[in-house]
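A.B. asks: First the structure, which I've put down as structure tokens, then a few questions once you've had a look.
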Amino acid sequence: MQQSASHRGNSPDLDVAIIGAGFAGLYALHKMRNELGLLAEGFDDAAGVGGTWYWNRYPGCRTDTQASVYSYSFDREMIDTWQWSERYPPQPEVLAYLNAVADKHDLKRSIHFETRIEKLTWDEASSLWRLSTNRGESLSARFVIEAVGLLSSTNIPDFPGADRFGGALVHAARWPQDPIDFENKRIAVIGTGSTGIQLVSALAPKAGHLFVCQRTPQYVVPARNGPIPEKIRQWMSTSYDSFHKWVMDSATVFGVDESQTPAMSLVEDDRNLVYERAWDEGGGFAFMLGTFGDLTVSAEANKTATDFIRSKIMETVDDSQVARKLCPTDYYAKRPLCADGYYEAFNQPNVTLVDLNEDPLIEMTPTGLRTANCEIALDVIILATGFDAFTGNYLKIETVGRNGERLQDKWADGPRAFMGVATAGFPNLFTVFGPFSPFTSQPLVDEYQVDWIAGLIRHAMAQGLNEVEVERAAEDGWIETCETIAEQTLFAVTNSWINGANVPGKARRTMIYMGGMASYAGIIEEVARGGYLSFRLA
Ligand SMILES: Cc1cc2nc3c(=O)[nH]c(=O)nc-3n(C[C@H](O)[C@H](O)[C@H](O)COP(=O)(O)OP(=O)(O)OC[C@H]3O[C@@H](n4cnc5c(N)ncnc54)[C@H](O)[C@@H]3O)c2cc1C
């Protein structure tokens, strides 16, 4: 531990306890400690800062959001001086960036690493949270900010025989610190989401043999990675404020020129020219959001995009049977994927697609995998099986709120929360990018929400308030708004982690606000301007 919370008589040990030291937690600590001057400390079960970028060290791991928006806005000096080598930077570079931010703002001394918060209990009498750690420590805090990550709690399906496999078995998001030697090894990647496709592109050139175990084929657009476009670089260096405003005024904060044009307003040839241009320029979000404005709301428009991507898959992959298996049939309405060289990898003799729908996985054996039709000998099995998104890490903390209400019970049929930042019955507890946040790129919205939470904490302290708690009616209303909007989109009817469909037994629910960042900001700012009207202040 860098610094222990000192016991301060009748005062809480901390003004603010921050759980998580990724993009959100680091900024929250900077805001609370360095800007608001509060006694704030962070906790993370990792041995260093970085969150996502600390845990995910697998080959090929990189952002799918452009670095120009995948970095903080609060430190202008760093915007001018930090040189991103690529527009989709690799994991070591993002981790180095977060370490540099933490060092520059002297954050590490206030973070308890390798410390897991296991329990949070609301103490009615003192209006404080009691925190318990895996190290047997307990402490109190007036406010708790949970920055525990949207895609952080690993989803590991129950594979029979997993304990018998004699080779290396790793989950991509719990990657060992020491590198694994892949040269000429027989490797299986289980899962073809964003992580799986990055792994396949990176490992295909070096594996002895790579088996790609696919349950759900994906629409993958080339990334065309390279330097940040000069136009964006110039804009950021000459007028960062206007660049930032352009990004935050968009619906999704992905730094993409979001199209308003309906796909069916063009004839087929012209429409395909638009897709062709986007395919050549690269980027998943640019393809989904920058081509036409209605791909995720109109089934007819969506089909024009899926037809185009399927035609590219058929054109790229030499073996037409393999190509057909790689072609998805559902809507293009998940978080869009991008990678360079993914489909091309299947033309290599050392890459085999294992279609788990045709040939289900039966078990892991001491020497590899057994499917219904074959035995595969392996040195390494990589689980790219994704995350228990949105709720996973919150529910791992036993959280007992007002009147003994448990978060685990409250969220048993899916999360209930207000605008991604608070949940009724749990006073003085805030979440960053929690359930029902807007569907956006994360770091700039993490900053935005932390600033908003800081405003409420500042207000509470200035007014001498001990408790702030969102009202249940406001929470119900917000969830209804999110559901109504989501139902108008194809995301609602497409299986993905966005609605919980990737985790067996998880309640399938809308967990996100699809109304766009600009509209979200308008609503949450109105809440603040009205004196935090949706909150009970005591
Ligand atoms: C491989 C990968 C690539 C991604 N690429 C992008 C991208 O390009 N664009 C984008 O917008 N998003 C991307 N994401 C989402 C990414 O998670 C966010 O962009 C961002 O890094 C989240 O930051 P965070 O601080 O909210 O959470 P995280 O980075 O997940 O950090 C949360 C931290 O809290 C810790 N923690 C959780 N519970 C506890 C507890 N009880 N006690 C102590 N510590 C705890 C976790 O261990 C973790 O270290 C990606 C995710 C992954 C997995």
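The values are calculated or read from the model by the stated rules, or taken from the named source; none is laboratory data. Keep in mind that this is a model prediction, so the values were computed, not measured. So basically every Cβ, Gly included, is an ideal-geometry build from the backbone, and we count neighbours across all protein chains shown. Heads up: the accessible areas ignore ligands, DNA and RNA and are worked out on the full protein's heavy atoms, side chains in. Shrake-Rupley method; radii C 1.70, N 1.55, O 1.52, S 1.80 Å.
A.B. asks: Would you kindly state how much longer the chain becomes between residue 241 and residue 127 on full extension, computed as 0.36 nm times their sequence separation minus their alpha carbon distance, in nm to one decimal?
C.D. replies: Gain on extension, residue 241 to residue 127, equals 37.1 nm.
A.B. asks: Still on this structure: Among 453, 464, 485, flag the residue with its Cα farthest along the positive direction of the charge dipole of the stretch 430-508, charges on Cβ as +1 for Lys/Arg and -1 for Asp/Glu.
C.D. replies: 485
A.B. asks: Sticking with this one: Would you kindly derive the ³J(HN,Hα) couplings of the stretch 209-220 from the backbone phi angles with the Karplus curve 6.51 cos²θ - 1.76 cosθ + 1.60 (θ = phi - 60°), listing them in order in whole Hz, with x for Gly and Pro?
C.D. replies: 8, 10, 9, 9, 8, 10, 9, 10, x, 10, 8, 10
A.B. asks: Per residue, how much space in cubic angstrom lies within the convex hull of the C-alpha atoms of the chain?
C.D. replies: 148 Å³
A.B. asks: Give me D for the stretch 280-416 in µm² s⁻¹, whole number, from Stokes-Einstein with Rh from the Kirkwood sum over alpha-carbon pairs, 10 °C and 1.306 mPa s.
C.D. replies: This corresponds to a translational diffusion coefficient of 83 µm²/s.
A.B. asks: Taking all protein chains in place and a 1.4 Å probe, what share, in percent, of the accessible surface of the chain do carbon and sulfur account for?
C.D. replies: Here carbon and sulfur together make up 49 percent of the probe-accessible area.
A.B. asks: Taking every alpha carbon pair in the stretch 230-322, what does the distance histogram look like in 5 angstrom bins from 0, in percent?
C.D. replies: Pairs per bin, as whole percents: 3, 12, 19, 20, 15, 12, 9, 5, 2, 1, 0.
A.B. asks: At R0 = 35 Å, how high is the FRET efficiency between residue 403 and residue 114 if r is their beta carbon distance? Nearest 0.05 is fine.
C.D. replies: That gives a FRET efficiency of 0.55.
A.B. asks: Further question on the same structure: Based on the mean of other beta carbon atoms within 10 Å per residue, what is the order of 464-470, 214-220, 176-182, most packed first?
C.D. replies: Sorting 464-470, 214-220, 176-182 by mean packing, highest first, produces 214-220, 464-470, 176-182.
A.B. asks: Related question: To the nearest Å, what is the center-to-center distance of the stretch 106-153 and the stretch 16-54, using C-alpha atoms only?
C.D. replies: Distance between centres, Cα-based: 11 Å.
A.B. asks: Something else: If you count, for each residue, the other Cβ atoms within 10 Å and average over each peptide, how do 488-494, 237-243 line up from highest to lowest?
C.D. replies: Per-residue mean Cβ counts within 10 Å order the peptides as 488-494, 237-243.
A.B. asks: So what's the gap between the Cα centers of the stretch 201-257 and the stretch 460-538, to the nearest angstrom?
C.D. replies: Using only Cα atoms, the two centres lie 27 Å from each other.
A.B. asks: Report the net charge of residues surrounding residue 490, where surrounding means a beta-carbon distance below 12 angstrom and charges are Lys +1, Arg +1, Asp -1, Glu -1.
C.D. replies: Net of charged neighbours comes to -2.
A.B. asks: Let me ask another. At a Förster distance of 45 Å, what's the computed FRET efficiency of residue 47 paired with residue 363, Cβ-Cβ distance as r, to 0.05?
C.D. replies: For residue 47 and residue 363, the calculated efficiency is 0.85.
A.B. asks: Let me spell out the model: positive unit charges on the Cβ of Lys and Arg, negative unit charges on the Cβ of Asp and Glu, origin at the Cα centre of the stretch 465-538. What dipole size does that give, in debye rounded to 20?
C.D. replies: 300 debye
A.B. asks: If you don't mind, another one. Taking the Cα centre of the stretch 93-225 as origin, sum charge times position over the Cβ atoms of Lys and Arg (+1) and Asp and Glu (-1), and report the length of that vector in debye to the nearest 20.
C.D. replies: About 280 debye.
A.B. asks: Here is a further query. Modelled label-to-label distance, residue 164 and residue 78, 7 Å Cα→beta-carbon offset: nm?
C.D. replies: Going by the 7 Å Cα→Cβ label model, 4.9 nm.
A.B. asks: Considering only the other residues whose Cβ falls under 14 Å of the Cβ of residue 130, what net charge follows from Lys and Arg at +1 and Asp and Glu at -1?
C.D. replies: Result for the neighbourhood of residue 130: -3.
A.B. asks: Ignoring ligands, DNA and RNA, what accessible area per residue does the stretch 171-246 give at 1.4 Å, in Å²?
C.D. replies: I get 44 Å² per residue for the stretch 171-246.
A.B. asks: Keeping all protein chains in place, calculate the accessible area per residue for the stretch 394-538 (probe 1.4 angstrom), answer in Å².
C.D. replies: Result: 36 Å² of accessible area for each residue.
A.B. asks: Whole-Hz ³J(HN,Hα) for each residue in the stretch 62-73, computed from phi via Karplus 6.51 cos²θ - 1.76 cosθ + 1.60 with θ = phi - 60°, x for glycine and proline: what do you get?
C.D. replies: Per residue, the Karplus-derived 3J(HN,Hα) values read 7, 6, 10, 10, 5, 4, 4, 10, 9, 7, 6, 9 Hz.
A.B. asks: Between residue 258 and residue 96, what length comes free when the chain is fully extended (0.36 nm per residue of separation minus the Cα-Cα distance, one decimal in nm)?
C.D. replies: My answer for the length gained is 55.3 nm.
A.B. asks: Then there's this: Quick one: 3J(HN,Hα) in Hz for the stretch 42-50, Karplus 6.51/-1.76/1.60 with θ = phi - 60°, rounded, Gly and Pro as x.
C.D. replies: x, 9, 8, 7, 6, 8, x, 7, x
A.B. asks: Run the dipole for the chain about the Cα centre, Lys and Arg Cβ at +1, Asp and Glu Cβ at -1, nothing else charged, and hand back the magnitude in debye, nearest 20.
C.D. replies: 780 debye
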